[in-house]
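Participant: This is the structure I have questions about; it appears just below.
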Amino acid sequence: MTAVWIVIVLAVILIAVLGIEIYREVHTFRLTRYTLSPARLSGMTRDINIVFLSDLHNKVYGSRNAALFRAVRREKPDLILIGGDMLVG
């Protein structure tokens with residue numbers, strides 16, 4: 001009987017952890033930075049900062065996307081590119 005309760009408790013913990021991770025994944029966005037230095041662009045006089053938005057799946061981050069908007073503005077982009085899965089509801 002004790003082994004059954006251990007399995008049940010572990011299953012409940014696993015379900016709770018998965019639920020928290022699913023919630024986090026659906027309600028947050030990720031900021032990833034890349035630095036590229038291709039030889040063909042070696043003559044450029046300054047760095048270019050590009051923001052690429054993709055796979056937001058019609059989610060809203062803060063009131064009227066304020067959190068997303070602040071994150072983009074902090075990057076001070078020269079160019080904003082928009083990829084796929086940016087549904088507008």
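The values are calculated or read from the model by the stated rules, or taken from the named source; none is laboratory data. This one's a predicted model, so the numbers in the text were calculated from it and none came from an experiment. A quick note on method: Cβ atoms are made from the backbone with ideal geometry, for glycine too, and the neighbour counts reach across all protein chains shown. Ligands, DNA and RNA are stripped out before the accessible areas are found, and what is left, the full protein with its side chains, is counted by its heavy atoms. Shrake-Rupley method; radii C 1.70, N 1.55, O 1.52, S 1.80 Å.
Participant: Which one of these does Trp5 not meet: (1) assigned to a helix (DSSP H, G or I); (2) open to solvent by less than 80 Å² (accessible area, probe 1.4 Å); (3) not hydroxyl-bearing (Ser, Thr, Tyr)?
Facilitator: (2)
Participant: Here's another thing I want to ask about it. Find the residue count for segment 8-28, including only residues that are in a loop (DSSP other than H, G, I, E, B) and open to solvent by 100 Å² or more (accessible area, probe 1.4 Å).
Facilitator: Residues in segment 8-28 being in a loop (DSSP other than H, G, I, E, B) and open to solvent by 100 Å² or more (accessible area, probe 1.4 Å): 0 in total.
Participant: Just need a number here: residues in segment 41-89 that are within 20 Å of Arg30 (Cβ to Cβ), outside any loop (DSSP other than H, G, I, E, B) and of a type outside the set (Val, Ile, Thr). Outline the logic, then answer.
Facilitator: Kept after step one, since they are within 20 Å of Arg30 (Cβ to Cβ), are these residues of segment 41-89: 49-62, 65-77, 79-87.
Keeping just the survivors that are outside any loop (DSSP other than H, G, I, E, B) gives 50-53, 65-74, 79-82.
Restricting the remaining residues to those that are of a type outside the set (Val, Ile, Thr) gives 52-53, 65-71, 73-74, 79, 81.
Total satisfying the criteria: 13.
Participant: From Asn65, Asn49, Asn58, grab the single residue that is at pLDDT 90 or above and either of a type in the set (Ser, Thr, Tyr) or out of contact with any helix residue (DSSP H, G or I) (no Cβ under 7 Å at 6 or more places or on another chain) (or both). Lay out the reasoning, then the answer.
Facilitator: Details: Asn65 fails: at pLDDT 90 or above; Asn58 fails: at pLDDT 90 or above.
That would be Asn49, the only listed residue that is at pLDDT 90 or above and either of a type in the set (Ser, Thr, Tyr) or out of contact with any helix residue (DSSP H, G or I) (no Cβ under 7 Å at 6 or more places or on another chain) (or both).
Participant: Which residues, taken from segment 29-51, are among the small types (Gly, Ala, Ser) and either surrounded by 10 or more Cβ atoms within 10 Å (Cβ to Cβ) or touching a residue at least 24 places away in the same chain (Cβ under 8 Å) (or both)? Talk me through it step by step, then tell me what you get.
Facilitator: Going through segment 29-51, the residues among the small types (Gly, Ala, Ser) turn out to be 37, 39, 42-43.
Passing the criteria: none in range.
Participant: Still on this structure, please answer the following. With the requirement that a residue be aliphatic (A, V, I, L, M) and either in contact with a Pro (Cβ under 9 Å, 6 or more places away or on another chain) or more than 30 Å from Asn65 (Cα to Cα) (or both), what does segment 26-47 give you? So that I can check it myself, show each step before the final result.
Facilitator: Looking only at segment 26-47, we keep the residues that are aliphatic (A, V, I, L, M), and these are 26, 31, 36, 39, 41, 44.
Answer for segment 26-47, where residues must be aliphatic (A, V, I, L, M) and either in contact with a Pro (Cβ under 9 Å, 6 or more places away or on another chain) or more than 30 Å from Asn65 (Cα to Cα) (or both): Ala39, Leu41, Met44.
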